[in-house]
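First comes the structure, then the notes that go with it.
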Amino acid sequence: MGIKGTHVSVGGVLNVDGSMEVDEVRVGGTVEVKGFFKAKKVSVGGRLKVDENASVEDRLEVGGVVKIGGELKAGMVEAGGALEADACFADGVKVGGKVETRRGCRSKTFEIGRKGRVIGPVVAEYVKIGRDASVEDVYAGRLELLENSSARNVYAREAYLKHGCRVSGELLYVEKLELERLTQINSRKVEKLPEPPV
Amino acid sequence: MRIEPRKTVEIDVLEEDLFVGAYSTIKAKTGEAIIVKGNVEFERDCNILSSLRAYSISLENGGKINVQGDLIVEKSVRLEDGELLVSGRLEAEDVDVGKLVKAGNGLKCRSISVGGGLESGGDVDAENISVGGTMSVQGNVKGSRLGVGGTLTVKGLTELEKLDVGGVARINGGIIMDINVGGVFESAGKLVFERLNVGGVARLKVVD
């Protein structure tokens, strides 16, 4: 392990040419870590970029963009702008703008903001897709698609779709489906949902 | 003993205090070192063409003390508004110099306070180090507290309890419990710390 510490507080930029293991990181601007990154609590005002895997035991808060070259494991993830990772495993994910994963994002709760975009599958107990947002495949316990949002495929125990929502593929549900007017879907009640990819 | 201004004097061992007049030169009569068992007081600039061992040294009116060898002082070195240039090693209990300290072969003391700059060609071993301007060390730094107002550069490893730098700190890794830097902090080697607090930019580089 290259850099090992307890508390890191930087007003502007933190640049780590190697791996880093710390308890708490607070940076006003940008954090770049060339290796892997392990922390308990992280707060970054601007951008967090990690070339390899990242693990944040408690809370990861980033005002702008989180970009992880490998896998992200975290407690709560909050990003105002975007989250990019090969895969994300977290207790909660709340992103304002865009979530992009190659293998998928698995969490207990998942929320994408208004006009947001989700690329890659989402697997969560509770999923909330903001107004005018779009998502690809969703595997949810409970799914809420807010007004005019869209999904490719939905596999949910319960699904609640506000008016104007679109599901371009299929919507399979087990227990309950609630649709508001002008909602266009191809839905089917099933006994068992397909296995999620992550 | 009293040396008149602008004189060159040879000394071997002196059991009493020594007063050295302005712009004098002193050197060892035999052997490599001058030994003064009392205090050495410099009036102004002085060239010492050998190593010097003394109980304490002081300079009241400013000037440059140039030692061509080691300077080993049992108690204190006090050069108010002065410069201390030691080609070899500097050792003392307490060092307080107004402008500049250069130690070609490193230094060891309990505390050192320099108003301007501190340059060491070797290791620095001091419990408390306080430098107003710039500190540059070619070797390792070992101590408890290090405070630098301007810029710190350490080529070797740094081992400290607390580091406070107002401007820029460039080190080569080590173990520092508490790091506070106002501007830029760079570490080019393996670094272990508890707290890192940087106002501007922190660059941590690891060569595995």
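Nothing in this text is a laboratory measurement; each read-out follows from the coordinates by a stated rule. None of the values given here were measured: they were computed from a predicted structure. Don't worry about glycine lacking a Cβ; one is built from the backbone with ideal geometry, like all the others, and counts go over all protein chains shown.
Annotations for the structure displayed:
- Additional length obtainable on full extension of the chain from B:Lys162 to B:Ser58, 0.36 nm per residue less Cα span: 34.5 nm
- Partner chain coverage, peptide B:181-187 - average Cβ within 10 angstrom: 2
- Left without a cysteine partner by the 4.7 Å Cβ rule in the protein assembly as shown: A:Cys165, B:Cys46, B:Cys109.
- Sparse-neighbourhood loop sites, trypsin sites (Lys or Arg not before Pro) in region B:71-140 - DSSP loop, at most 15 other Cβ within 10 angstrom: B:Lys75
- Label zone (B:Lys27, point 7 Å along Cα-to-C-beta; backbone nitrogen cut-off 11 Å) within region B:45-65: B:48-50.
- Normalised per residue, the volume of the convex hull around the Cα set of region A:96-198 (Å³): 71
- Applying both filters, DSSP loop and at most 15 other Cβ atoms within 10 Å, to the trypsin sites (Lys or Arg not before Pro) of region A:130-181 gives A:Arg181.
- Within region A:127-168: backbone nitrogen closer than 15 Å to the A:Lys108 label point (7 Å, Cα to C-beta): A:127, A:141-142
- Charge dipole (debye, nearest 20) of chain B; +1 at Cβ of Lys and Arg, -1 at Cβ of Asp and Glu: 600
- Rounded to the nearest 20, the Cβ-based charge dipole of the protein assembly as shown about its Cα centre (Lys and Arg +1, Asp and Glu -1) stands at 1800 debye.
- GNM remark for chain B: springs join alpha carbons under 10 Å apart, and the peak mean-square fluctuation among B:Asn66, B:Asn128, B:Asn197 falls on B:Asn197.
- Given charges at Cβ of Lys, Arg, Asp, Glu: chain A dipole, positive-most of A:Gly75, A:Thr6, A:Pro197: A:Pro197
- Max mean-square fluctuation residue, GNM over chain A, Cα-Cα springs under 10 Å, options A:Ser187, A:Ser150, A:Ser43: A:Ser187
- Here chain A is treated as an ellipsoid with the same Cα gyration tensor; its semi-axes, largest first and in whole Å, are 35, 16, 12.
- Counting only other chain Cβ atoms within 10 Å of each residue's Cβ, the peptide B:189-196 averages 6.
- According to the Cα-based calculation, Rg over Rh for region B:159-208 is 0.92, with Rh computed by the Kirkwood formula.
- Label-point gap, in nm, between A:Lys40 and A:Asn186 - each point 7 angstrom along Cα→Cβ: 5.1
- The residue among B:Ser24, A:Gly116, B:Val148 whose Cα reaches farthest toward the positive pole of the charge dipole of the protein assembly as shown, with charges on the beta-carbon of Lys, Arg, Asp and Glu, is A:Gly116.
- Average beta-carbon neighbours from other chains, 10 Å sphere, peptide A:11-20: 6
- Label-to-label distance for B:Gln68 and A:Arg157 is 8.9 nm, based on points extended 7 Å past Cα in the beta-carbon direction.
- Kirkwood hydrodynamic radius of region B:109-208, Cα pairs, Å: 12.9
- As a length-normalised measure over Cα pairs under 8 Å and 6 or more apart, the relative contact order of region B:1-95 settles at 20 percent.
- Once the Cβ-Cβ distance of A:Ile119 and B:Arg145 is raised to the sixth power relative to R0 = 56 Å, the FRET efficiency obtained is 0.60.
- Length-normalised contact order for chain A - Cα pairs under 8 Å, 6+ apart - percent: 9
- Dipole magnitude of chain A, debye to nearest 20 (Cβ charges: Lys/Arg +1, Asp/Glu -1, about Cα centre): 400
- Ranking B:Leu196, B:Asn47, B:Ala126 by Cα position along the charge dipole of the protein assembly as shown, where only Lys, Arg, Asp and Glu carry charges on their C-beta atoms, puts B:Leu196 farthest toward the positive end.
- Within a Gaussian network of chain A (alpha carbon springs, distance under 10 Å), most fluctuating of A:Ile129, A:Ile112, A:Ile185: A:Ile185
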